[in-house]
Amino acid sequence: MDNKVSMEEVVNVAKRRAFIYAGSEIYGGLANAWDYGPYGVLLKNNVKQAWWQDMVMKRGDIVGLDSAILMNPKVWEASGHIAEFTDPLVDCKGCKQRFRADHVEGNDCPNCGGELTEARSFNLMFKTHAGPVDDESNVVYLRPETAQGIFVDFKNILDTTRNKLPFGVAQIGKSFRNEITPGNFTFRTREFEQFEIEYFVKDALSAKKAFDEWVKARFDWYKDLGIYPDNLRLREHEKTELAHYAVAATDVEYNFPFGFSELEGIANRGNYDLQQHWDHSGVDPRYFDEETKTKILPHVIEPSGGVDRAVLAFLVDAYKIEKTEEGERTVLKFHPRLAPIKAAIFPLVKKDQLVMEAKKLFSQLKERWFVEYDESGTVGRRYRRQDEIGTPYCITVDFGSLEDKMVTIRDRDTMQQERVLMNDVINFLEERIK
Ligand code: ATP
């Protein structure tokens, strides 16, 4: 953690460089709603793609799912969300503002110092109606997590695929929570995206082992994608914090500018969820174990992360202000897999032949990666611009290139330059970006 940044700096660079804008800005915004701009959407897609490749494609024991956001309300009765997905809410008797009781210290209103009411339960699920009639019979909820879709489809997946325990089901998608106190930029919002896995195993003993493996796997995933290890830590939940059915839970936390906070939770949920859906739906979700010729109700480990929180952590961690010979530069040192733009191609100056060669190279590279062509301003300025959006490589075509068919590739982090044959540029990038 060489230079700790303020949240304000991160919000500024995110806006200035087309990563994240305030939602509905021309109408004065909507509190705590954010839009991902042209580079933000690339970064976010790369985070989701890295997760999907590493957790689904490369493992071989996990399959994907994309379940609906709107589900039969009985799902939320069975899961316990209707009864228990609540936060303690307090009201200020003076200014009438509302707060999450566990986010307030003492009994005074953080806004005006007035007296707070007793805490009462506030359900975080967004409620709406399906169809044109607006009454209790057609209430639906926006899902507050993607996980229940996995449990509800578990039997379908068993019946229609050849998965053998242990195996997992992964899902990325939007979730909604009517948070009492959203804030800290995209850290806590009411609409957000999650990446969740339910990893099913045979019994409690296997679950214990799988839990430890998942805690390590998820910690390492953030580290391998470039988060400075000192900025990550694990926090084991106290027994008193655990839901009554949960056997264990550990959070991966990141050192945000506002302190260490949860990026992702890994929980050993026993066989609670499948049992609940069995009880409520009457449909037996058990797995037939060929070895023992018995039916098993699998136990499950749930690594549940937030895409937006991960993006924010990668953004904060990548942000650096560095002293250079010419003064200072702002640079986003994203891991090359996450960088929105992988390379920028410049003609040294705007001369026909250089422009032609640079555009030719750009056309080849854009078939494989998001790359940019830029011919305006000095090369130094073009480097600075790319540094600020985190582009790992800048490729310049100069007069020498016309003779020796080589280009200069400049590395974002070391600022070193090397000459590479134009025909080798694709290999050069392929080796470094993956
Ligand atoms: P918190 O204690 O911060 O409210 P949580 O423990 O309720 O989070 P989980 O229910 O475990 O969160 O959700 C899994 C993940 O989903 C979290 O680790 C987080 O990354 C993400 N997440 C949850 N709520 C939000 C939110 N309001 N905004 C953005 N991401 C969220």
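Here are some notes:
- Residue within segment 340-363 that is over 27 Å from the mean Cα position of the chain (by Cα) and within 30 Å of Thr161 (Cα to Cα) present: no
- Taking (1) touching a Leu at 6+ places or on another chain (Cβ under 8 Å); (2) more than 16 Å from the ligand (Cβ to nearest atom); (3) of a type in the set (Lys, Arg); (4) within 27 Å of Thr189 (Cα to Cα) in turn, Lys333 satisfies each apart from (1).
- Hits in segment 35-57 - residues which are within 19 Å of Gly226 (Cα to Cα) and acidic (Asp, Glu): Asp54
- Identity of the residue in segment 38-63, closer than 16 Å to Lys15 by Cα and in contact with a helix residue (DSSP H, G or I) (Cβ under 8 Å, 6 or more places away or on another chain), that ends up surrounded by the most Cβ atoms within 10 Å (Cβ to Cβ): Leu43
- Elements of the type helices (runs of 4 or more DSSP H) sitting completely within segment 22-140 and holding at least 1 residues that are assigned by TED's automatic domain parsing to the domain that holds Val311: these cover 38-51.
- Cβ pairs under 7 Å, 6+ apart, first in segment 402-423 and outside the structural domain of Pro347 (by TED's automatic domain parsing) and touching a residue at least 24 places away in the same chain (Cβ under 8 Å), second in a loop (DSSP other than H, G, I, E, B) and basic (Lys, Arg): none
- Within segment 34-86, the set of residues being closer than 24 Å to Ala318 by Cβ and of a type in the set (A, V, I, L, M) comprises Val41, Leu42, Leu43, Val47, Ala50, Met55.
- In this structure, Asn3 does not satisfy being of a type in the set (S, T, N, Q), at pLDDT below 95 and surrounded by 13 or more Cβ atoms within 10 Å (Cβ to Cβ).
- Considering each residue of segment 347-370 in turn, none proves to be aromatic (Phe, Trp, Tyr), touching a residue at least 12 places away in the same chain (Cβ under 8 Å) and surrounded by fewer than 13 Cβ atoms within 10 Å (Cβ to Cβ).
- Flag if Gln148 is out of contact with any strand residue (DSSP E or B) (no Cβ under 7 Å at 6 or more places or on another chain), outside any loop (DSSP other than H, G, I, E, B) and within 16 Å of the ligand (Cβ to nearest atom): yes
- Residues located in segment 1-33, provided they are polar (S, T, N, Q) and farther than 21 Å from Asp317 by Cα: Ser24, Asn32
- Residue tally, condition away from the ligand (no atom under 16 Å from the Cβ) and surrounded by fewer than 24 Cβ atoms within 10 Å (Cβ to Cβ), over segment 299-330: 13
- Within segment 152-187, the set of residues being within 15 Å of the ligand (Cβ to nearest atom), touching an Asp or Glu at 6+ places or on another chain (Cβ under 9 Å) and not in a loop (DSSP other than H, G, I, E, B) comprises Ala170, Gln171, Ile172, Gly173, Lys174, Ser175, Phe176.
The values are calculated or read from the model by the stated rules, or taken from the named source; none is laboratory data. For clarity, every value in this text was computed on a predicted model and none was experimentally measured. All Cβ positions, even for glycine, are placed from backbone atoms using ideal geometry, and neighbour counts span all protein chains on display.
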